[in-house]
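S.K.: Got a structure for you, written out below as C-alpha cells; questions coming shortly.
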Amino acid sequence: QKEVEQNSGPLSVPEGAIASLNCTYSDRGSQSFFWYRQYSGKSPELIMSIYSNGDKEDGRFTAQLNKASQYVSLLIRDSQPSDSATYLCAVKGLTGGGNKLTFGTGTQLKVEL
Amino acid sequence: SAVISQKPSRDICQRGTSLTIQCQVDSQVTMMFWYRQQPGQSLTLIATANQGSEATYESGFVIDKFPISRPNLTFSTLTVSNMSPEDSSIYLCSVSRAGGQETQYFGPGTRLLVL
C-alpha cells in the first residue's frame with residue numbers, strides 16, 4: 001500500500017463547476033496535511049494546509065480532513081481554466097522526526113471551457 | 001513564505017560528470033530539503049540538509065552519489081555525481097522555517113538532462 005494515494009486522473013470539469021480532489025494516507029500518526037498545485041514545467045506551490053478534522057476554507061478552496069478515515073480532500077469552487085494543473089497531496093507523519101513530507105502521485109485537473 | 005533561488009535553472013550534462021546545484025534562501029530557515037522529480041512522477045525526498053553536520057539521506061540515496069553541503073542557514077548545495085541518463089530529472093530545493101507543522105516551500109527547480 002502506498003503511503004499517500006491519489007487518483008492520477010485526468011479529472012475533467014467544466015468551467016464554473018466544483019472540482020473534488022481526494023487523497024488517502026496510510027500513517028495513522030500523520031499530523032499535517034498539505035495541498036500543492038504544480039503547473040507543467042513549474043515547481044509545486046502551496047494551496048492549503050490543514051491540521052485538524054473538519055473543513056478549512058480559503059477563497060475558492062476548501063480542504064477537508066477526516067483522520068478516522070485517513071482521508072483528505074480539496075474542493076475547488078467555480079473552477080477556472082487557470083486551475084488546470086496537477087494537484088499534489090502531501091502528508092507529514094511521525095517518521096523523520098515529524099519533518100518528512102510524503103507526496104502522492106498527484107491528480108491532473110483539466111477545467112474545460 | 002520564503003524566496004528561494006536555485007542555480008542552474010537547467011543543464012545538459014555528459015554521463016560520468018558531476019553537477020553541483022545551489023539553493024539560496026532570502027532569510028534564515030531551520031530546515032532545508034532536496035527532492036527529485038523524475039519525468040511524469042511525483043516528488044521523492046533525497047535528503048535533509050543539516051546545518052553544520054552530515055545530511056540525512058532517505059532510503060535508496062547515498063552520500064557518495066548525492067553529496068550535500070549546508071554551511072549556513074540560508075544556503076545549501078546538492079551534487080549529482082558520476083551522472084547517468086537515469087539521473088535526468090528535476091531537482092528541487094525546499095525549505096521550512098521550523099519543523100513539525102511548518103509548511104515547506106519549494107524553489108523553482110533545476111532541470112537536468114544527462115546524455
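Derivation of every value follows stated rules applied to the coordinates shown; laboratory data play no part. All values derive from a computational prediction rather than experimental measurement. Glycine gets a Cβ as well: all are built from the backbone with ideal geometry, and neighbour counts include every protein chain shown.
S.K.: From the phi of every residue in segment A:27-41, what ³J(HN,Hα) in whole Hz does the Karplus formula 6.51 cos²θ - 1.76 cosθ + 1.60 yield, where θ is phi - 60° and glycine or proline is x?
M.R.: Once θ is set to phi - 60°, the couplings for segment A:27-41 become 7, 5, x, 4, 10, 10, 9, 9, 10, 10, 10, 10, 7, 4, x Hz.
S.K.: Another question, if that's okay. Once you have the alpha carbon radius of gyration of the protein assembly as shown, what is it after dividing by 2.2 N^0.38 Å, with N set to its residue count?
M.R.: Working it through for the protein assembly as shown, the quotient is 1.02.
S.K.: Here is a follow-up. Mind checking the mean number of beta-carbon atoms from other chains within 10 Å of the Cβ atoms in B:39-45?
M.R.: 6
S.K.: Same structure again: Starting from the Kirkwood radius over alpha-carbon pairs of chain A, derive D by Stokes-Einstein at 20 °C in a medium of 1.002 mPa s and give it in µm² s⁻¹.
M.R.: 152 µm²/s
S.K.: In addition: Structure shown: which of A:LYS110/B:LYS65; A:LYS56/B:LYS7; A:LYS100/B:LYS65; A:LYS56/A:LYS92; A:LYS42/A:LYS67 lie over 28 Å apart, alpha-carbon to alpha-carbon?
M.R.: Over 28 Å apart, Cα to Cα: A:LYS110/B:LYS65; A:LYS56/B:LYS7; A:LYS42/A:LYS67.
S.K.: Return the FRET efficiency for the residue pair A:ARG28, B:ASP26: r is the Cβ-Cβ distance, R0 is 41 Å, and the value is rounded to the nearest 0.05.
M.R.: 0.65
S.K.: What does the charge count near B:ALA2 come to, summing +1 for each Lys or Arg and -1 for each Asp or Glu among other residues with Cβ under 10 Å from its Cβ?
M.R.: Within the 10 Å Cβ shell, the charges total 0.
S.K.: In whole Å, what three semi-axes, largest first, describe the equivalent ellipsoid of segment B:1-66 built from its Cα gyration tensor (square root of 5 times each eigenvalue)?
M.R.: 20, 17, 14
S.K.: Could you pull out the chymotrypsin sites (Phe, Trp or Tyr not before Pro) across segment A:40-78 that fall in loop regions by DSSP (anything but H, G, I, E, B) with no more than 16 other Cβ atoms inside 10 Å?
M.R.: Listed in order of number, the matching sites are A:TYR51.
S.K.: Calculate the radius of gyration of the Cα atoms of segment B:35-88 to one decimal place, then report Dmax, the largest Cα-Cα distance, as a whole number, both in Å.
M.R.: Taking only Cα atoms of segment B:35-88, I get Rg and Dmax of 11.7, 34 Å.
S.K.: Count, for each residue of A:37-47, the Cβ atoms from other chains sitting within 10 Å of its Cβ, then give me the mean as a whole number.
M.R.: Mean partner-chain Cβ count within 10 Å for A:37-47: 4.
S.K.: Another one. Between B:PHE61 and A:LYS67, how high is the FRET efficiency from 1/(1 + (r/R0)^6) when r is the Cβ-Cβ distance and R₀ = 25 Å? Nearest 0.05.
M.R.: My answer for the efficiency is 0.25.
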